[in-house]
Each structure stands twice: as C-alpha cells, then as structure tokens.
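Undergrad: Quick one: this structure, given as structure tokens, is what I'll be asking you about.
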Ligand SMILES: [Zn+2]
C-alpha cells in the first residue's frame, strides 16, 4: 500500500470540520481490505470510525482525525489546497501535516505487518472543531465493551526538525474567555457625566497577566494568560463608549484544574472590572502520560529507525489526547509541526515513508509475535 497515493486520496477530500467529504470511507475501505472490522459511529452529523482486529491484550490503538482546519486565504496557496499536488518531492495540501499523511503512513505500515495481535483505530471527523461529537463520545462506548486499549498512539504532528525527533506525552489544557465591561456613554469633554469602561478593562487584563498562576513543572511551561483581542467598535473620536470587550485564552499545566482556574479568573475580574460579564469555556485540562515503560518502548522503537532517541515534550495546542488519557496512556508521534494550519501546508515524501517505518517499528515492538512481511525484519 503506497502511503503517498493514499495521502493524496485523503487530501483530495475537502473535509473541513464538520464535513467528512468521503475521507473516512477511504480509511474504512483500506482497513476492511486488511481484515479489520469497521464500525461507523456518527453523532450529530459528525463522521467517526472505529476499527479493530484481533482479541486479547496488549491492545494498541491508533488515534487520529480526518477533519482539517479551513484553508484561509485560498489565493495565497501556491497549489490548490485540496488537489494533493506533488512538487519538489513534497506533498502539498490542507491536512498534509495535520494529519492525513500520518493516517496514510499508519495504514501503510499495517499492510506490511503480519500479526494476529489486537489492534484498533479510532478516527474522528471532529478534532479541529469543538471536538464534542468525536473521540469524547466514542470512549465511553469502548469502555462499555471493554475495548479500551493499553496504549493509544496519536498521529498528530510532533516533529520539530526531523520525523521521529520528538514525542508528545502530554499537552497543556485550555480555557478561552470573553470579558465585557459596561459603563455609561457620554461626551469625552464631560467625563464626569460618564463612566468609561476601558480603564477598568485594561486594569483587569493587567491583573490577569500579572497573576502568578504557577511556575510550571519539569514537564510543563508555566500556566499563561494571553489576551487575543480588545474591541470597542467605537467609530467616534468624541464619545466615551458604553462597553468594551476583551477575548483571551489560558493554557494551563497539570498544576491547575480548569474548573478551579475559572474561579480564580472570576474573582480577579470581580476585583477590578466593575460592572461586567464574564464568559468562560473550558476546552480541557492538561494531560500527562506517566507510564515510563511504554514511553521508553516507543522511544527505543523510533531510535531503531532514526538512530536517535526522540525527545519528549508537552508543548503545542490541545489534541484528543486530553480525552483518551483519562482511559489509557497516550503517546503522540507524527510529522513535522512546522506548516500545520498554515497556507501551503506540506510534508516531504521522504518524511511520510520515514513515519511509516517508525510506526512499523513501534507496532513490532509493542505487539507480541508480530513480524514484517516482504522485507528484512526491522528490529532483529
Ligand atoms: Zn491535528
């Protein structure tokens, strides 16, 4: 199974969340041909796929998503984002790095693997959006059926310079929020008759920036507050506005619980914001895989392919690892992070092949009695 051709087929499906656009059908077709039992578990119009083969333990699950983020300004793309163009030994298109080519690499590795060992795949069409009707909803169903794996390998982009140089064993959690401060509109020349909400909002944001949430841990950066916009929408130069609104985000580490942090934010706003509205959305707590044995096994399997032990990291945005880690250890390993979500997202063809070898080596080392067909055994 050619991972490049399969990558192209997947990129040619314009599967911007919540659309599936035929992507999961392609995955399903290949898995069925490899002897997997496939089950579509669609919720609220979101397509999800669970596939499995073999019985017993240890069970390894590959986790991934076929949905992609929007293309942004399409006129800025060198090649059309859903054409799957190959140029300069690279494959270009939305979802190339994040993470269709990783799915293709894993399927292609499966085709070369001879094993009766238990394997499963959990592929969702709702990771880049709200992530409400994907992985989060599938896990309780798998738990009910006693199908929670012993390790979940997620194919999110994790590499910095070369494929296999970095694994993610955790991710920070995330909260986003919107703070609106209210005042009294009036003429700028008569401020005594008005109540300007802007200084209160600014003071509150400064307090939030200055608040010593924590100093981070060995594996995590400190919890951080960042404002993303301040809006008044005031076109006049001589009117003090009635309200001002700020949007912000917090990335939190394992020292914090998102729910507790929301209480801290509420009380800080209470102190300086005056009359205000605060809306907070929790996107997830931080997660950290602490199963050193499994981390080491995956590191060693990668070293056999690349010649170097990968670094372990917890940086970057949230992934479905935050949901899965509540059930089993999670390790993320995929292509280069560099162009994900950008205009002209691309990956090198060499990297797709290399990731396939990495996945094959991990499968080989994790699953008992597995071997590689049609070539020298990688890990002898
Ligand atoms: Zn992703």
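Undergrad: Listed residues 157, 118; which is away from the ligand (no atom under 16 Å from the Cβ), in the same structural domain as residue 38 (by TED's automatic domain parsing) and touching a residue at least 60 places away in the same chain (Cβ under 8 Å)?
TA: Working: 157 fails: away from the ligand (no atom under 16 Å from the Cβ).
Step by step, each of 157, 118 is checked, and only 118 is away from the ligand (no atom under 16 Å from the Cβ), in the same structural domain as residue 38 (by TED's automatic domain parsing) and touching a residue at least 60 places away in the same chain (Cβ under 8 Å).
Undergrad: Now for a different question. Somewhere in the range 304-317, is a residue buried (at least 17 other Cβ atoms within 10 Å of the Cβ), at pLDDT below 95 and closer than 23 Å to residue 222 by Cα?
TA: Yes, some residue in the range 304-317 is buried (at least 17 other Cβ atoms within 10 Å of the Cβ), at pLDDT below 95 and closer than 23 Å to residue 222 by Cα.
Undergrad: While we're here: Would you mind finding the one in 297, 265 that is in the same structural domain as residue 152 (by TED's automatic domain parsing), touching a residue at least 12 places away in the same chain (Cβ under 8 Å) and not in a strand (DSSP E or B)? I'd like the intermediate steps shown before the answer.
TA: Numbers: 265 fails: in the same structural domain as residue 152 (by TED's automatic domain parsing).
From the options 297, 265, the qualifying one is 297.
Undergrad: On to the next question. Can you tell me which of 41, 110, 10, 49 is touching a strand residue (DSSP E or B) at 6+ places or on another chain (Cβ under 7 Å), surrounded by 19 or more Cβ atoms within 10 Å (Cβ to Cβ) and in the same structural domain as residue 327 (by TED's automatic domain parsing)? Break it down stepwise before answering.
TA: On the way: 41 fails: surrounded by 19 or more Cβ atoms within 10 Å (Cβ to Cβ); 110 fails: touching a strand residue (DSSP E or B) at 6+ places or on another chain (Cβ under 7 Å); 10 fails: touching a strand residue (DSSP E or B) at 6+ places or on another chain (Cβ under 7 Å).
Criteria check complete, one pass: 49.
Undergrad: What is the one condition in (1) within 30 Å of residue 368 (Cβ to Cβ); (2) surrounded by fewer than 21 Cβ atoms within 10 Å (Cβ to Cβ) that residue 62 does not satisfy?
TA: (2)
Undergrad: Restricting to the range 124-141, and then to whatever is crowded, with 21+ Cβ neighbours inside 10 Å and more than 11 Å from residue 17 (Cβ to Cβ), can you tell me which residue is farthest from the chain's Cα centre (by Cα)?
TA: 138
Undergrad: Within the range 41-114, which strands (runs of 3 or more DSSP E) (wholly inside it) include 2 or more residues that are within 16 Å of the ligand (Cβ to nearest atom) and over 24 Å from residue 139 (Cβ atoms)?
TA: Details: elements: 48-53, 60-65, 85-87, 90-92.
Output list is empty.
Undergrad: If the requirement is being outside the structural domain of residue 127 (by TED's automatic domain parsing) and either in contact (Cβ under 8 Å) with a residue 60 or more places away in the chain or within 16 Å of the ligand (Cβ to nearest atom) (or both), which of these qualifies: 185, 192, 178? Walk me through how you get there before you give the answer.
TA: Details: 185 fails: either in contact (Cβ under 8 Å) with a residue 60 or more places away in the chain or within 16 Å of the ligand (Cβ to nearest atom) (or both); 192 fails: either in contact (Cβ under 8 Å) with a residue 60 or more places away in the chain or within 16 Å of the ligand (Cβ to nearest atom) (or both).
Just one listed residue meets the conditions, 178.
Undergrad: Can you tell me which residues in the range 246-302 are out of contact with any helix residue (DSSP H, G or I) (no Cβ under 9 Å at 6 or more places or on another chain), surrounded by fewer than 17 Cβ atoms within 10 Å (Cβ to Cβ) and within 30 Å of residue 361 (Cα to Cα)?
TA: Once the filter is applied, which keeps residues that are out of contact with any helix residue (DSSP H, G or I) (no Cβ under 9 Å at 6 or more places or on another chain), surrounded by fewer than 17 Cβ atoms within 10 Å (Cβ to Cβ) and within 30 Å of residue 361 (Cα to Cα), the range 246-302 yields 290, 291, 292, 293, 296.
Undergrad: Failed condition for residue 117, given (1) over 15 Å from residue 127 (Cβ atoms); (2) touching a helix residue (DSSP H, G or I) at 6+ places or on another chain (Cβ under 8 Å), with all others met?
TA: (2)
Undergrad: Right, another one. State all residues of the range 233-245 that are in a loop (DSSP other than H, G, I, E, B) and crowded, with 19+ Cβ neighbours inside 10 Å; if no residue qualifies, say none. Outline the logic, then answer.
TA: As a first pass, look at the range 233-245 and keep what is in a loop (DSSP other than H, G, I, E, B): 233-238, 241-242.
Passing the criteria: only 241.
The values are calculated or read from the model by the stated rules, or taken from the named source; none is laboratory data. None of these values were measured; they are calculated from a predicted model. A quick note on method: Cβ atoms are made from the backbone with ideal geometry, for glycine too, and the neighbour counts reach across all protein chains shown.
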